[in-house]
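The values are calculated or read from the model by the stated rules, or taken from the named source; none is laboratory data. If you're wondering where the values come from, they're calculated on a predicted model, not measured in any experiment. Virtual Cβ from ideal backbone geometry, glycine too; neighbours counted across all protein chains shown. Heavy atoms of the whole protein, side chains included, go into the accessibility calculation; ligands, DNA and RNA do not. Shrake-Rupley method; radii C 1.70, N 1.55, O 1.52, S 1.80 Å.
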Amino acid sequence: MLEFTEEQKLIRQSVAEFAQKKIAPIALSMEEKKEIPQDVIKGMGELGLLACTADPAYGGSGLDAVTAGVIAEELAKADCTGSTCVFYLVQAAWGFLLNKYGTEEAKKEIFPNVVKGDWFLGIATTESGAGSDVVGGRTMIKKDGDDFIVNGEKMYISGVREAVTHGGGHVTIAHQTADLGSRGMTVFYLPLTADGITPTYIADLGREGISCGGFSIDNVKIPKHYIIGEENKGFYIIHEGYEYARALIAVICAAAGLKSLENGMNYVKERKVFGRPLAKFQEINFRLAEHYTRLEMLKRLGYEALEA
Ligand SMILES: Cc1cc2nc3c(=O)[nH]c(=O)nc-3n(C[C@H](O)[C@H](O)[C@H](O)COP(=O)(O)OP(=O)(O)OC[C@H]3O[C@@H](n4cnc5c(N)ncnc54)[C@H](O)[C@@H]3O)c2cc1C
């Protein structure tokens, strides 16, 4: 059974205070306005939550995965829409990858802008014809002297508008040696403000505070220092990011579910049918207990994965 440290408990408390005060009251209006207000983003930056896994040398908080999970859990309790949670988690997970495999030059350039909330750091691997099957993607990266040229498209990507409007970019994967399949893919940072990027946007149902869209990539030139990790080893590198992100998503989904269940529990105590509160009917309690057990198990599994 996972025990949280004193430091993690303190971080939980300060994130909970911030999230309940600044995010919970505007969760619905973020859906309507389709954006996370800048003061919330800046506040997250001031608390050290953005790309919190980056080393302090680049302005990050240098947090471990379990602590990143604690933050995700508190954000999810305040924002069941998931907008701020996704905004947070992609930067934590893909910041982890950039921090681990990125070049010194790229980290010094990108992280100081991301941790303050000026730039957005996302992930762009999905294409219109390739999701779980990463190798099925058609985007290509080619050496061009000291630089690289990228061509292709990405689709169903979170935070496109944020990176196009405010700056930043996405950790991206493409084929470099196409005939080698999974052994010929390379991961790199793609700034969405670069010439040759044309964004498109998708109208979502829910989680609308953060944008979802895609972009075409037409002869975009990137410098060598944007390559993340070894060339042609990208397939393996990207899966470390997926594992990190999926564990955080598990904690977020479970925490949002538990918060919804808590709201339901309050309701069944108040709502009366046939002369007594719903909570007095045994079957209702059995079901609530069953849901609670499953959600707690999911949350703990998420933490176990983060700890591993
Ligand atoms: C709101 C939203 C935001 C997103 N944000 C991002 C983002 O920021 N960055 C990003 O890169 N992507 C993002 N995605 C894409 C998301 O990660 C993809 O949906 C995911 O990769 C799955 O791909 P897919 O939907 O194309 O399904 P596919 O992977 O193409 O799967 C198609 C079908 O095949 C089945 N299938 C998959 N694998 C197997 C298997 N091994 N065996 C048998 N059946 C299988 C699936 O169950 C499904 O029914 C986002 C998607 C949404 C909806």
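Give the residues of the range 103-145 that are more than 18 Å from the chain's Cα centre (by Cα) and among the small types (Gly, Ala, Ser), sorted by residue number.
The answer is Ala106, Ser128, Gly129, Ala130, Gly136, Gly137, Gly145.
Mind counting the residues in the range 108-144 that are near the ligand (Cβ under 8 Å from one of its atoms) and either surrounded by 24 or more Cβ atoms within 10 Å (Cβ to Cβ) or within 23 Å of Pro223 (Cβ to Cβ) (or both)?
Residues in the range 108-144 being near the ligand (Cβ under 8 Å from one of its atoms) and either surrounded by 24 or more Cβ atoms within 10 Å (Cβ to Cβ) or within 23 Å of Pro223 (Cβ to Cβ) (or both): 4 in total.
Scan the range 170-206 for residues that are closer than 12 Å to Val135 by Cα and hydroxyl-bearing (Ser, Thr, Tyr) and jot them down.
Correct list: Thr177, Ser182, Thr186.
Which condition breaks for Tyr244 when tested against (1) surrounded by fewer than 12 Cβ atoms within 10 Å (Cβ to Cβ); (2) closer than 30 Å to Ala178 by Cα?
(1)
Scan (1) at pLDDT 95 or above; (2) surrounded by fewer than 23 Cβ atoms within 10 Å (Cβ to Cβ); (3) within 16 Å of the ligand (Cβ to nearest atom) for the single condition Gly95 breaks and write down its number.
Here Gly95 clears every test but (2).
So which residues in the range 44-69 are touching a residue at least 60 places away in the same chain (Cβ under 8 Å) and either over 16 Å from Val15 (Cα atoms) or in a helix (DSSP H, G or I) (or both), if there are any at all?
The answer is Met44, Gly45, Ala54, Ala65, Val66, Thr67, Ala68, Gly69.
For the range 272-308, what are the residues that are open to solvent by 100 Å² or more (accessible area, probe 1.4 Å) and over 25 Å from Leu89 (Cα atoms)?
Once the filter is applied, which keeps residues that are open to solvent by 100 Å² or more (accessible area, probe 1.4 Å) and over 25 Å from Leu89 (Cα atoms), the range 272-308 yields Lys272, Phe274, Arg276, Lys280, Gln282, Phe286, Arg287.
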